[in-house]
Amino acid sequence: MNFFPDETGRMSQFDQSITDALIEQQSSIQAAWLATLEESGAVRGVRADELKKQTADFLKLFSEGVVESGGDYWGANGWAGTREFLEALSHSRALQGLDAQQTATFVFSLKRPLFDLLQRETSVPPASLVTQITLVSELLDMMGLHTVRTFQKARESVIKRQQEELLELSTPVVKLWDGVLALPMIGTLDSQRTQVVMESLLQRIVDTGSDIAIIDITGVPTVDTLVAQHLLKTVTAIRLMGADCIISGVRPQIAQTIVHLGLDLEGIVTKANLADAFALALRRSGLTVTKAS
Amino acid sequence: MNIKDQGTRPIVTEQDIVLARQACRKLAQDCGLRLVAQTKLVTAVSELARNMLVYGGGGDLHWEILEDGLRKGIRIIFHDEGPGIADLQLAMTDGWTSGNGLGLGLTGAKRLVNEFDIETAPGQGTRISITQWS
């Protein structure tokens, strides 16, 4: 990465007077920065003292980075501390539930205070000023992008963890009675998940030697032809294993939709709710429930 | 008949079908469709969006909120640039499928909504429009 090589091929560097000003005027830059942040509304939910510390820490690291790298490109060693700081910041912002824009604004809102600082430094010749401004702008852009990238990674890891948790949650085959299993299906049925769920049901039938399996579709919002196909295949497989299957949780709107779709569920025992299905399963097993007198 | 609001969303992955269903359910609720009409519409969307993905190689779902006097409705247009349907009459037969589904998606979707319109030709892609009124 070679951003602004001058005629001699070297990187553009910060003017010495700018570097000095950056260190001397840290507190006034911070004040201006905090005002910009407040105005942008990007720091809602972040405590004021926490924000003050973050801005101060960042400015300290920033000026150190400028001194060490001489304004060299973002990948240089001099910026390692700043990078680490921004990564930690992204993580905490992601956990606090702030969005990517709000997180990136933390860095981008520093532009104005720094540009103002450059303008105040009259000792810098105008021709060089443009280079300096470009340099600051480019540097802050890279920092902003780095922040967003880290933020995104943090969010992705959260989503990945949730997906894994969901997959585990989604296959609870429960034993209702000796020989009676129930599978409460929840959510979308037309993905890879269905396969996992159905396999675990078939396996549990073998393991427990159950005669009746109840598939409850109360938690399935849409029953279309693909879902029906999955259900039909599962019922057939369960029957091939010598067990019986009842489908429960067929709500009125689902029943009407199935009729209009033209799905043929004849030969499959269906019930409106799990309680009815369970009662039927008990009856079939020759059991009756009576009130204890 | 006025179009009050509209939007487009791409259908290119299986996940998009799930999201499209959720979005359409929300639109149908906002439109004041009753639960049965909502469920029918969402199921039709699920069928047609999947057809578009599986047979048309993906495409766009365009939705419109309609207002016609006192009644409100929702129109959804599925448009893909896929191979199109060669024999529409055959495709609109219950139980016929060129893939390995149940062969009820297209005909079923037609029965689920108030209005159904299909334009297709081999090599020209397919455009299906469905409308459900409150």
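Each value in this text was obtained by applying a stated rule to the coordinates, not by laboratory testing. These numbers were taken from a predicted model, which means no experiment stands behind them. Please note: Cβ atoms are built from the backbone with ideal geometry, for glycine as well, and neighbour counts cover all protein chains shown.
Things worth noting here:
- Net +/- balance of residues flanking A:Gly81 in space, Cβ distance below 13 Å, scoring K and R +1, D and E -1: -3
- Computed lengthening from A:Glu156 to A:Phe115, 0.36 nm per intervening residue step minus Cα-Cα distance: 11.3 nm
- Among the residues of B:45-58, the average count of other protein chain beta-carbon atoms within 10 Å of the residue beta-carbon is 2.
- Gyration tensor verdict on segment A:208-252 (Cα atoms; rounded if a/c is under 1.5, prolate if a/b is larger than b/c, oblate otherwise): oblate
- Each residue of segment A:283-293 was assigned a 3J(HN,Hα) from its phi angle through the Karplus curve 6.51 cos²θ - 1.76 cosθ + 1.60 (θ = phi - 60°); the sequence is 4, 5, 7, x, 10, 10, 9, 10, 6, 6, 8 Hz, with glycine and proline shown as x.
- For segment A:92-174, a crude dipole built from +1 on the beta carbon of Lys and Arg and -1 on the beta carbon of Asp and Glu, taken about the Cα centre, is about 120 debye to the nearest 20.
- Cα-based helix-to-principal-axis angle, A:252-261 vs chain A, degrees rounded to 10: 90
- Rounded to the nearest 20, the size of the Cβ-charge dipole of the protein assembly as shown about its Cα centre is 1700 debye, with Lys and Arg at +1 and Asp and Glu at -1.
- Of the residues A:Met143, B:Gln124, A:Trp79, the one whose Cα sits farthest toward the positive end of the charge dipole of the protein assembly as shown, with +1 on the Cβ of Lys and Arg and -1 on the Cβ of Asp and Glu, is B:Gln124.
- Two-site label geometry, A:Ser92 and A:Leu145: point separation in nm, points 7 Å out along Cα→Cβ: 2.6
- Nearest-ten-degree value, helix B:35-56 long axis tilted from longest Cα axis of chain B: 30
- Cα gyration tensor shape for segment A:16-165, rounded if a/c is under 1.5, else prolate or oblate: prolate
- In nm, spacing of pseudo-spin labels at A:Ala275 and A:Leu240 (7 Å Cα→C-beta vector): 3.7
- Peptides B:74-84, B:36-46, A:42-52, A:87-97 ordered by average Cβ neighbours within 10 Å, highest first: B:36-46, B:74-84, A:87-97, A:42-52
- Projected-area average for chain A over all orientations - Cα convex hull basis, square nanometres: 25.8
- At R0 = 30 Å, FRET efficiency that the Cβ-Cβ distance of B:Gln29 and A:Thr208 yields, to 0.05: 0.15
- The modelled label-to-label distance for the pair B:Asn2/A:Val196, using points 7 Å beyond Cα in the direction of Cβ, is 4.8 nm.
- Charge tally around A:Phe58: other residues with Cβ under 12 Å, Lys/Arg +1 each, Asp/Glu -1 each, net +1.
- Across segment B:16-27, coupling constants 3J(HN,Hα) worked out from phi with the 6.51/-1.76/1.60 Karplus curve, θ = phi - 60°, read 4, 5, 4, 5, 5, 4, 5, 4, 5, 4, 4, 4 Hz, and Gly and Pro carry x.
- For segment B:2-133, the C-alpha radius of gyration sits at 1.00 times the compact-globule guess of 2.2 N^0.38 Å, with N the residue count.
- Residue among A:Leu261, A:Gly97, A:Val107 farthest towards the positive dipole end of the protein assembly as shown, charges placed on Cβ: A:Leu261
- Helix A:192-208 and the longest principal axis of the C-alpha atoms of chain A enclose an angle of approximately 40°.
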